[in-house]
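Chemist: One structure, pasted below without further comment.
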């Protein structure tokens, strides 16, 4: 392994295109170790594509991606199990395995990647469930019996099962009521501090961006057009960023929170 | 950075036991962590309090922190009494894990093999009752929907019905014809082969004719339809149920039975007799071809003997059964679809149940019809 660099994720000159359509166009982005980075962008503008490319679900056309000091191409071809311990991913809809109970869902990455006794696996799974604010009794439920907020929490517990260094969140608060969304934001901050995570978060939730994120990156036209703390983005004069943060809806949210 | 195998030193000082973990206490080494905890158990149980010294530790995650926490819970104090030299970054994690696993999840379900067996038998009995009730309910709902359609013919979903008819009828013709053709050919070949011993080859025509028109034609086609279209109905309606599309329909004031189930069942009831007819013809054709090529019976003789051997009654018996079998398949398939619950597994289970149950019921129904026709002398 190379010397641990300052960056958890390092993306350089990335191009992703489907057929003739270029979604990500020469994009470069660095995520620092231990920070929470929020990614904003227009719907259908390639936010999810960028995230899925970084974790290797979508093939890049060209460019270079480094996650946790490892080249993504190497991880994918040589050692997919190493990747599992490297990152945890919270999908937008949770993507819980519907035929497994909550506890089995959380245990699944451990069972597949690590050798440990069933007893310890049970204890750690329950520990994770409690850390995300669920009760041990929720462990025996099936995903179809969970509410939206609980599904996200279980998915977060599963993403954290192997104590990854990097956590990817795809719209973690979408579909949650403001109270649950606020709680979820607080949970992410607590876990980030407790476990020393680097968090890469795709979101539209201005409250999350404001309260949780150390830095915010704006994706427009396939490039990162602005990156920095929330304040610097508010001051940015890129037309799309301006429209995003100074639209009527955003103004109300930001006015209230500042 | 090479991974360092975790190790554990213990220093006993009076009633207090100091744990000095070293190396990487991470989930990758979970197995080693468990092995390390085992020999220390007696010492921990004897100790009044536990002190954890983080001085030599290189890295720690939830699994490692939980191992330490679990060990310290064995002591008389039941928790870590003191922590020394903890790096700032692990302080929160240790604090967090003090809270977890404090309450045991409530035990659920009865224990013991016999009671589990009894429970599953009991559940099976009740689910059989539920099955019968669900079948009758859908049958009733279909009847109500049909009555509505007769009163207001315009409310019939004609497009949907025709589309379903195209899918379960027209598109099924090639495979149905091929299979029944082969079955007819096989029956004829076997018949000729064995009847030859008695010099009774010409009776093969009687056998093929009666068997195909009365029983095999419709039965094979019904089983094929159950497997081909019944499973599709269950999967379609089941996934609509999963995605709340059926609930959406109801909230718009539409009756799912009228919109989804009736067109499908009607299409089956229309398609199955037609398919059974085509199947019977294909089987006779296959039988005739084999009789000609393998048995040396010319087509003209085959047709003449067929004319003598079978009467319209045989054909009627076969055709009368077809719509009833279609109704059973349609009701089972759609009602199983409506019983799908949230998970992908449930969809798979209901689809399997649908096919198995409809094939079983089709054969039972065929038996009942045989008894019925025998007693009325048809």
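Where a number appears in this text, it was derived from the coordinates with a stated rule and is not lab data. These numbers were taken from a predicted model, which means no experiment stands behind them. Glycine also receives a Cβ, built like all others from the backbone with ideal geometry; neighbour counts cover every protein chain displayed.
Chemist: With labels modelled as points extended 7 Å from the Cα through the Cβ direction, what inter-label distance (nm, one decimal) is found for residue A:214 paired with residue B:255?
Modeler: 6.3
Chemist: In degrees between 0 and 90, to the nearest 10, how far off the longest principal axis of chain B does helix B:299-309 point, with axes built from Cα atoms?
Modeler: 90
Chemist: Next up: Would you work out the Kirkwood radius for chain A? I mean one over the mean of 1/r across all pairs of different Cα atoms, in Å.
Modeler: Result for chain A stands at 19.0 Å.
Chemist: Within the protein assembly as shown, what percent of beta bridges assigned by DSSP are antiparallel, to the nearest 5?
Modeler: DSSP beta bridges in the protein assembly as shown are roughly 50 percent antiparallel.
Chemist: If you consider only alpha-carbon coordinates, what radius of gyration and Dmax does region B:221-266 have, in Å?
Modeler: 12.0, 38
Chemist: Okay, moving on. Can you work out the FRET efficiency for the pair residue B:82 and residue A:141, with r the C-beta to C-beta distance and R0 = 45 Å, to the nearest 0.05?
Modeler: 0.70
Chemist: Once every DSSP H run of n ≥ 4 in the protein assembly as shown is given -39500 (n - 2.57) and the sum is divided by its residues, what mean residue ellipticity at 222 nm do you get, rounded to the nearest 500 deg cm²/dmol? Spell out each step's value before the answer.
Modeler: Working: 25 runs with 358 residues, N = 636.
Value at 222 nm, helices only, nearest 500: -18000 deg cm²/dmol.
Chemist: Another question, if that's okay. Please say if chain B is rounded, prolate or oblate, where rounded means a/c under 1.5 for a ≥ b ≥ c the square roots of the C-alpha gyration tensor eigenvalues, and otherwise the choice is prolate for a/b larger than b/c and oblate otherwise?
Modeler: The shape class here is prolate.
Chemist: Now for a different question. Mind pulling the angle between the C-alpha long axis of helix A:102-113 and the longest principal axis of chain A? Nearest 10 degrees, somewhere in 0 to 90.
Modeler: The helix A:102-113 is inclined about 90 degrees to chain A.
Chemist: Same structure, new question: Normalised by the number of residues in region B:7-99, what is the relative contact order in percent for Cα pairs under 8 Å and 6+ residues apart?
Modeler: 30
Chemist: Okay, next question. Connecting C-alpha atoms closer than 10 Å in a GNM of chain B, tell me which of B:131, B:247, B:61 has the biggest fluctuation.
Modeler: B:61
Chemist: Say we join alpha carbon atoms closer than 10 Å with springs in a Gaussian network model of chain B; which of B:332, B:80, B:223 then has the biggest fluctuation?
Modeler: Answer for the Gaussian network model of chain B: B:80.
Chemist: Further, regarding this structure: Can you tell me the length gained on complete extension of the stretch residue B:160 to residue B:128, counting 0.36 nm per residue apart and subtracting the Cα distance? Working shown, then result.
Modeler: Values: separation 32, 0.36 × 32 = 11.52 nm, distance 3.20 nm.
Here the segment from residue B:160 to residue B:128 would lengthen by 8.3 nm.
Chemist: Could I have the simple spin-label model distance between residue B:136 and residue B:170, label points 7 Å from Cα toward Cβ, reported in nm to one decimal?
Modeler: 4.0
Chemist: If you don't mind, there's one more thing I want to ask. Just the Cα atoms of region A:159-247, one point each, no solvent: what log10 I(q)/I(0) does Debye give at q = 0.10, 0.11, 0.13 Å⁻¹?
Modeler: These q points yield log10 I(q)/I(0) values of -0.28, -0.33, -0.46.
Chemist: Return the Rg/Rh ratio of the protein assembly as shown with Cα-based radii and a Kirkwood Rh.
Modeler: 1.13
Chemist: How crowded by other chains is B:27-37, given as the mean number of beta carbons from other chains within 10 Å of each beta carbon?
Modeler: Mean number of neighbouring Cβ atoms from other chains: 4.
Chemist: What does the average come to when, for each residue of peptide A:201-212, you count the partner chain Cβ atoms lying within 10 Å of its Cβ?
Modeler: The per-residue average across the peptide is 0.
Chemist: Taking the Cα atoms only, what angle lies between the long axis of helix B:62-73 and the longest principal axis of chain B, rounded to 10 degrees?
Modeler: Result, in degrees: 60.
Chemist: Label residue B:203 and residue B:344 with points 7 Å out from Cα along Cα→Cβ: what is the distance between them in nm?
Modeler: 5.6
Chemist: Sticking with this structure for a sec: So what is log10(I(q)/I(0)) for region B:7-99 at q = 0.24 1/Å, when the Debye sum runs over its Cα atoms only?
Modeler: -1.34
Chemist: If I histogram all Cα-Cα distances within region B:185-334 using bins 5 Å wide from 0, what percent of pairs lands in each bin?
Modeler: The percentages, shortest bin first, are 2, 10, 16, 16, 13, 10, 9, 7, 6, 4, 3, 3, 1, 0.
Chemist: Same structure, new question: With r as the distance between the Cβ atoms of residue B:13 and residue A:204 and R0 = 45 Å, compute the FRET efficiency 1/(1 + (r/R0)^6) and round to 0.05.
Modeler: With a Förster radius of 45 Å, E is 0.20.
Chemist: Of all beta bridges DSSP finds with both residues in region B:7-99, what is the antiparallel percent, to the nearest 5?
Modeler: Around 40 percent antiparallel, to the nearest 5.
Chemist: While we're looking at this one, here's another question. Just checking the output field for A:123-131: average partner chain Cβ neighbours within 10 Å of each residue's Cβ?
Modeler: Whole-number average of other-chain Cβ neighbours for A:123-131 is 6.
Chemist: If I model region B:114-227 as equal point scatterers sitting on the Cα atoms and use the Debye formula, what is log10 I(q)/I(0) at q = 0.15 Å⁻¹?
Modeler: Ignoring solvent entirely, the Cα scatterers give -0.90.
Chemist: Looking only at A:170, A:185, A:73, which one moves most when chain A is put into a Gaussian network model with springs between Cα atoms under 10 Å?
Modeler: For chain A, modelled as a Gaussian network with Cα springs under 10 Å, the answer is A:73.
Chemist: Further question: Just need the relative contact order of chain B here, percent rounded to a whole number, with Cα pairs under 8 Å and 6+ apart.
Modeler: On the way: 499 pairs, mean separation 61.1, N = 378.
Relative contact order for chain B comes out at 16 percent.
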